[in-house]
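Just so it is clear, none of the values below were taken in a lab; they were calculated from the coordinates. All values derive from a computational prediction rather than experimental measurement. In this analysis, Cβ positions are derived from the backbone assuming ideal geometry, glycine residues included, and neighbour counts consider all displayed protein chains.
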Amino acid sequence: MTLRRTSNADEVSVTRRGTALDLPGDDAGRGNEPAGRTAFGVTVVLLLALATALRFGQPERFAWLQNFFVVFGAILLEAMPFVLIGAVASAVIEVFVPASAFERIGRLPTVLQLPCAAAAGMAFPICECGSVPVARRLLRRGLAPGAAVTFMLAAPILNPVVIASTVVAYHGRPDFWVVVLGRFTLGFIVAVAVGWVIGARRPDEVLRKGTIDPDDDDHSPDESRWSRFAGHIAGDFIFMGRFLVVGVAVAAAIQTVIPQTLVAKVAGLPVLSIVVMMALAFVLSLCSESDAFVAASFTQFGPAAQLAFLVTGPMIDIKLSALYAGTYSKGFLRAVLVTASVIILAGTLWAAVIWG
Amino acid sequence: MTWNLRRLLAGAVLAAWAALFWFVLLSGRTGLYLSTRTAWLVPAGAAILTVAALGRLASGRSGAPPPVRRSDLRGASLLVIPVIVLLALPASTLGTFALGRRPVFGVGATAPSGGLSSGTLSMVDVARAQATKEDLAALQHRNAETVVMVGFVATQPGEPSTEFMLSRFIITCCVADATETQVRVVDVPAGSARPNAWVQVTGRIYALGSQVIIDMTSMKPIPRPADPYLTG
C-alpha cells in the first residue's frame with residue numbers, strides 16, 4: 001500500500017523549491033496498518049502489567065536498577081520541557097511564519113547563510129533537545145539544509161544560558177579564557193563546517209524517509225490556525241519524545257554500568273585524553289546548560305580535553321544520536337558524527353599544543 | 001465532525017506527561033531528580049504540558065479522521081512507559097552503589113569560596129575544602145569546632161567498624177551530573193552505622209592534610225531529606 005501522503009507545508013516547499021521533498025507518512029510496512037481493538041487491548045494490558053510489576057516487584061532492591069531509574073528519570077524530567085519548548089517554537093515556525101521569510105534567507109549567498117544561521121543560535125536559549133525539532137521544521141519549511149543544521153548545532157553552544165553557565169563554571173580558573181572562548185569559537189567553526197558539508201545535499205537526502213508527524217497528515221485546509229498549532233506541538237513532542245526516551249535509557253544504562261572514575265586513568269596521555277573526554281561527553285548525554293560544571297570537575301584533564309568535552313556533548317551524544325537517527329537519514333548521522341569529531345579533535349589538539 | 005482518535009491519543013500522551021510533572025511537583029519529589037537551580041522546570045513543564053494537552057484534546061474533532069495506526073500506538077506506548085515507571089516506583093536516590101563511580105566534587109576545579117572563615121559549616125564547605133588549598137587552609141583554622149552534618153552512611157571493606165564515610169552527592173542541574181563528597185566520621189560506636197542510612201552527625205571537625213574528619217560526639221538516624229542532593 002502506498003498512499004504518498006504529504007502535509008500541506010511539504011507541498012508548499014516542494015512547489016517552491018522544486019525539489020522532491022516527499023515524506024511518505026509511515027506508509028510502508030506494518031506500522032501503517034490501522035490498530036484494531038485487539039492491538040489497543042494488548043497495549044493497555046502490557047502497560048498495566050508493567051505498572052504492577054514495578055509497583056509490587058520492588059525493583060529498587062537492586063542497587064544498580066535503582067541507580068538506573070534515578071538517572072533515567074532525572075535526564076527525562078530535565079530534557080522533556082525543553083523538547084516541548086522546541087516543539088512550540090517549531091509549531092510557531094510552521095503556522096505563523098510566512099514562507100516568504102525562508103525564501104529571503106534562501107536568497108542570501110551561502111557564504112553568509114551559514115555564519116548567520118550559527119549566529120541566530122545566540123538568540124535562541126534552548127538546549128540541544130529543543131534545537132532538533134526546530135531545525136527539522138526549518139528544513140521542512142524549505143530552509144537550506146546547511147543553514148538548518150548549522151543552526152541546530154550552534155544554538156545549544158552559543159546561546160546566552162550556556163555562555164553564562166560556562167563562565168560561572170570556569171570563573172577564577174587559569175584556563176578560563178581558553179575554555180570559554182575556545183568553546184564558542186570551536187563550536188561556531190564546527191557548526192558552520194558541518195552545515196557546509198550537509199549543504200551539498202538535497203533536503204530529501206537529509207530528512208529520514210518514512211517518518212511524518214503523527215498529526216501532520218490529518219489537517220484539513222479549513223482548519224483553524226490554533227488547531228494546527230496544537231497539532232504540530234503534539235506531533236513534534238511525540239515524534240522527538242520517543243527517540244529521546246530511547247537515547248536517555250541508553251545513556252542512563254551506561255552511566256550505571258561504567259564508572260566515570262575509570263576515565264581518570266588516561267588523563268596524562270595527550271591525544272587519548274581528548275578522545276576519551278569526547279567519548280565521555282557522548283556517553284553522558286548531559287544538557288549543554290549544565291555540562292560545563294561537570295567538565296570543570298575533571299581537573300586531571302588539561303583544558304584541551306575539557307574543551308573537547310564541552311564542544312562534543314551539545315552536538316553529538318547518545319540521546320542526540322537517537323533523535324538524529326529518528327529525524328534524519330543515515331548518511332546525515334554519519335556526516336555529522338565524522339565531520340564534527342574530526343574538527344573537534346583537530347581543534348582541541350591544536351589547543352593542546354598551544355595551551356597544554 | 002467526529003472524534004479523531006489519533007488526536008485524542010496524542011492528547012492522552014501529553015496529558016500523561018503533564019500528570020507526571022504535576023505528581024513530581026505536588027509529591028515533593030523534584031529534589032530527587034533536579035537541583036534547586038533547575039527545579040523551575042517541573043512547574044514550568046507541568047503548566048506547558050497541561051496547556052498542550054488541553055489544546056490537543058480541544059481540537060480533537062475533525063472531518064474524516066484517519067485511523068490510529070499501529071506505529072502511532074507503538075510511539076505512544078514508548079512515551080507512556082517512562083511515565084508509568086516514574087509514577088509506579090517508590091521515591092529513591094543515588095546511594096552507596098553510585099559512590100566511587102562518580103567524579104569527586106570539583107577537586108581543584110572550583111574557585112576558592114572565601115566563605116569558610118565564618119558561618120555554619122556544611123558538606124558543601126567540606127567539599128570545597130577538599131577542592132582548593134585556600135578553602136582547606138580556611139577550614140584548618142576552624143579545627144575542633146563543633147559541626148552538625150547530614151548525609152548517608154557509606155562503609156568500605158577493611159575499614160574499622162568505628163568509622164564510616166558520611167556521604168552526599170552534589171548536583172548542578174540534575175542527578176546525571178552528580179559528583180560526590182565525603183567526610184570520614186570516627187569514634188562511632190561499633191555497628192551503629194547502617195550503610196545507606198541517613199544520619200545527622202554532631203562532632204568536632206578537623207582538616208588534616210587533605211582529609212577532613214569528624215570526631216563524632218552524637219549521631220541520630222533521620223529520614224531522607226526532601227532535598228537529598230546538595231547544589232554545588
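Tell me what chain B gives for mean residue ellipticity at 222 nm when only DSSP H runs of n ≥ 4 count, each as -39,500 (n - 2.57), the sum divided by the residue total, rounded to 500 deg cm²/dmol.
Details: 6 runs with 78 residues, N = 232.
Mean residue ellipticity at 222 nm (helix-derived): -10500 deg cm²/dmol.
What average number of partner chain Cβ atoms lie no more than 10 Å from the Cβ of the residues making up B:58-65? Don't skip to the end; give the middle numbers.
Details: counts 3, 11, 2, 1, 6, 4, 2, 2.
Mean partner shielding for this stretch: 4.
When ranked by the protection proxy of mean other Cβ atoms within 10 Å per residue, highest first, what sequence do the peptides B:82-92, A:313-323 form?
So the peptides B:82-92, A:313-323, ranked by packing, come out A:313-323, B:82-92.
Taking a ≥ b ≥ c as the square roots of the Cα gyration tensor eigenvalues, with a/c under 1.5 meaning rounded and otherwise prolate when a/b beats b/c, else oblate, which class fits chain A?
oblate
Rounded if a/c is under 1.5, else prolate if a/b is larger than b/c, else oblate: which is segment B:1-89, with a ≥ b ≥ c the root eigenvalues of its Cα gyration tensor?
Because a/c hits 1.5 or more and a/b exceeds b/c, segment B:1-89 counts as prolate.
Share of antiparallel DSSP beta bridges in the protein assembly as shown, in percent to the nearest 5?
Of the beta bridges lying entirely in the protein assembly as shown, close to 85 percent run antiparallel.
Which helices of chain A meet both criteria: a Cα extent of 30 Å or more along the helical axis and a mean Kyte-Doolittle score no lower than -0.5, with helices taken as whole DSSP H segments?
Span-like helices here: A:63-96, A:176-198, A:225-257, A:330-355.
Using a simple spin-label model with points 7 Å from Cα along the Cα→Cβ vector, what separation in nm is obtained for A:Arg104 and A:Val271?
4.9 nm
Cβ neighbours within 10 Å, averaged per peptide: list A:79-90, B:30-41 in order, most packed at the top.
Packing order, densest peptide first, comes out as A:79-90, B:30-41.
Roughly what would the spin-label model give for A:Leu112 and A:Ala253, points 7 Å off Cα along C-beta, in nm?
Each label point is offset 7 Å from its Cα along the Cβ direction, giving 4.9 nm.
Could you name the lysines in cross-link range of A:Lys319, using Cα to Cα under 30 Å and dropping any fewer than eight places away on the same chain?
A:Lys319 reaches A:Lys209, A:Lys265, A:Lys330.
With a point put 7 Å past each Cα toward its Cβ, work out how far B:Ser192 is from B:Phe97 in nm, to one decimal.
3.0 nm
Pull out a ≥ b ≥ c, the square roots of the eigenvalues of the alpha-carbon gyration tensor of segment A:242-356, then state rounded if a/c is under 1.5, prolate if not and a/b is larger than b/c, and oblate in the remaining case. Mind showing how you got there, number by number?
Numbers: a/c = 2.22, a/b = 1.38, b/c = 1.60.
The shape class here is oblate.
R0 = 60 Å: FRET efficiency of A:Thr38 with B:Trp40, Cβ-based, nearest 0.05?
Details: r = 43 Å, r/R0 = 0.72.
According to the calculation, E is roughly 0.90.
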